[in-house]
Structures are given as C-alpha cells and as structure tokens.
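To start, the structure under review is shown below, and the notes come after it.
The values are calculated or read from the model by the stated rules, or taken from the named source; none is laboratory data. Computed from a predicted structure; not experimentally measured. Here the Cβ positions follow ideal geometry from the backbone for every residue, glycine too, while neighbour counts run over all protein chains shown. Accessible surface areas use protein heavy atoms only, side chains included; no ligands, DNA or RNA. Shrake-Rupley method; radii C 1.70, N 1.55, O 1.52, S 1.80 Å.
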Number of protein chains: 2
Amino acid sequence: MNKIATPKKFYTPDQEKIALYAKALSHPARVFIMDYLAKNTERCCYSGDMAENLPIARSTLSEHLKELKKAGLIQGEINTPYIKYCINRANWEEAKVMFNDFFNR
Amino acid sequence: MNKIATPKKFYTPDQEKIALYAKALSHPARVFIMDYLAKNTERCCYSGDMAENLPIARSTLSEHLKELKKAGLIQGEINTPYIKYCINRANWEEAKVMFNDFFNR
DNA sequence: TATTCATTTCGTAAAATTACGAAACAAATG
DNA sequence: CATTTGTTTCGTAATTTTACGAAATGAATA
C-alpha cells in the first residue's frame with residue numbers, strides 16, 4: 001500500500017457530528033431560532049418575522065440562518081419575495097437521537 | 001425607577017444555557033473527552049492518559065479541559081502530581097435534560 | 001535544597017466567529 | 001422597464017477560538 005504519513009482519524013463520525021450540531025447551537029440567537037421554528041410548525045416562518053423578535057440586524061440573522069442551514073438543521077423554501085424557513089425534520093431527529101445517546105453513554 | 005435604556009433580555013436563561021453547553025461541545029476533541037470520561041467512570045482519568053489518545057499538544061488539551069470546566073461539565077480533583085478529571089454529574093444531568101427538552105419542544 | 005513530574009499558563013499567531021450597514025438580487029408590481 | 005420588497009451577500013472590523021512550544025507551577029523525592 002505504501003501510504004505515506006496517513007493522517008489518522010482520531011474522532012469518530014459520531015463525535016464529529018455531535019460537535020457539528022453543537023456548534024450550530026452554540027449561539028443563543030440560533031437556539032432562539034430553533035425554538036421559534038419548533039413552536040411554529042404550522043404557520044411557517046419568514047426571516048423578517050424572526051428579525052422583529054431579535055435584537056440583531058437582518059443581515060446578522062441571515063448569517064445565523066445560513067449556519068443552521070449549513071449544519072442541516074433547517075431548510076428554506078423560496079416563496080418570493082419571502083423565504084419560508086422550517087426545521088429539517090430528518091436531521092433534527094438525528095441530532096436528537098445523537099445527543100440522547102451521547103448523554104447516555 | 002427611571003431606568004435609562006434598559007437593555008432588554010432577548011434570550012431566555014434556557015436558551016443561554018443550551019448555547020453555553022453546546023459551545024462546550026462544539027469541538028470534536030471536547031466531545032471525545034466527554035466520551036472518554038463517560039466510558040471510564042471508575043478508574044479516573046488523567047490529562048496525560050487522554051493526551052496519549054489525542055493528536056493535539058498537551059497544552060492544547062489543557063485548554064480544552066479548561067473550557068469544559070468553565071462550562072461546568074467536568075471537574076478536576078488534584079492528586080499531585082496528577083489531576084484526576086471526571087464528569088460533573090449534576091451539570092451533566094442538567095445538560096442532558098435541557099437538550100432533551102429542547103429537542104422535544 | 002535541587003530535581004523530577006504531570007500539568008497549566010503564557011506568548012504568540014493563524015483562523016473563525018459575530019456583527020453591522022451598504023449594496024446586490026430576483027421576482028412581482030406599477 | 002423602473003420600482004418595490006424581503007432577503008442575502010459583501011466589505012469591513014472587533015473579538016474569540018484554536019493551536020503550539022516554552023516557561024512556570026507546585027508538590028514529592030533524591
């Protein structure tokens with residue numbers, strides 16, 4: 001094989017994933033957003049709605065939404081000129097299970 | 001009363017706390033450490049033991065331990081020249097409950 | 001008392017995060 | 001086709017995070 005200086009994988013995929021989800025939730029604004037989306041599963045949520053409940057600039061909120069999207073916890077459905085945000089159920093469930101397992105190891 | 005420019009509290013204590021715990025867990029090395037401590041509740045854990053299982057400098061590990069201590073997830077009992085680390089059970093339990101509630105809102 | 005030991009703190013540097021307002025965007029509307 | 005609308009991206013700046021090796025620490029030991 002002759003692999004040179006194989007960079008050992010030190011963290012398990014689970015550890016990497018938990019860290020990733022945790023990072024997404026490591027800012028109170030993003031926790032707030034997830035709470036907000038979880039509380040309003042029916043009438044779905046526009047960036048502007050949330051901006052009015054948050055003490056941050058719209059552009060900053062947009063970056064937080066981007067972070068959550070990047071981690072896979074939310075998704076945005078375009079509904080011009082609005083963008084309807086909601087929780088990504090599959091990944092949300094995965095995160096829930098992973099954290100639960102983590103705390104019960 | 002005459003409070004001037006009261007800075008509104010925008011995030012609930014729960015939201016702040018979840019963000020805090022999440023931040024503590026937002027690096028794979030710190031998830032690894034918690035896993036390690038959870039797996040070795042009996043024969044307790046020295047910094048050096050963990051250092052040998054991690055691809056980071058001892059000083060870096062020490063900073064990660066400091067972070068986890070700051071968040072309240074672990075505690076270190078001095079046992080010169082060693083320091084025996086273990087999970088802070090009360091806060092660990094609290095974090096577990098908070099995340100569980102969070103994912104079930 | 002000088003040395004050893006496991007560990008932490010310090011000094012430093014690179015990279016990532018958070019934040020804002022201005023500008024850009026893309027679709028619907030006048 | 002110019003304007004409006006909700007939202008994002010860009011440019012920028014301040015702060016925080018991550019990382020390392022060197023130096024410091026503090027208790028036990030030679």
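Of the residues examined, B:A95 is one that is within 8 Å of chain A (Cβ to nearest Cβ) and touching a residue at least 60 places away in the same chain (Cβ under 8 Å).
Screening segment A:18-40 for residues that are open to solvent by 20 Å² or more (accessible area, probe 1.4 Å) and more than 9 Å from chain B (Cβ to nearest Cβ) and picking the one that is modelled with the highest pLDDT gives A:Y36. Of all residues in segment A:59-84, those that are more than 21 Å from B:S26 (Cα to Cα) and within 10 Å of DNA strand D (Cβ to nearest atom) have Cβ atoms under 8 Å from Cβ atoms of residues that are of a type in the set (A, V, I, L, M) and modelled with pLDDT of 95 or more, 6 or more apart or on another chain, in A:G76/A:L65.
Scanning segment A:69-90 for residues that are surrounded by 16 or more Cβ atoms within 10 Å (Cβ to Cβ) and part of a helix (DSSP H, G or I) returns a single hit, A:A71.
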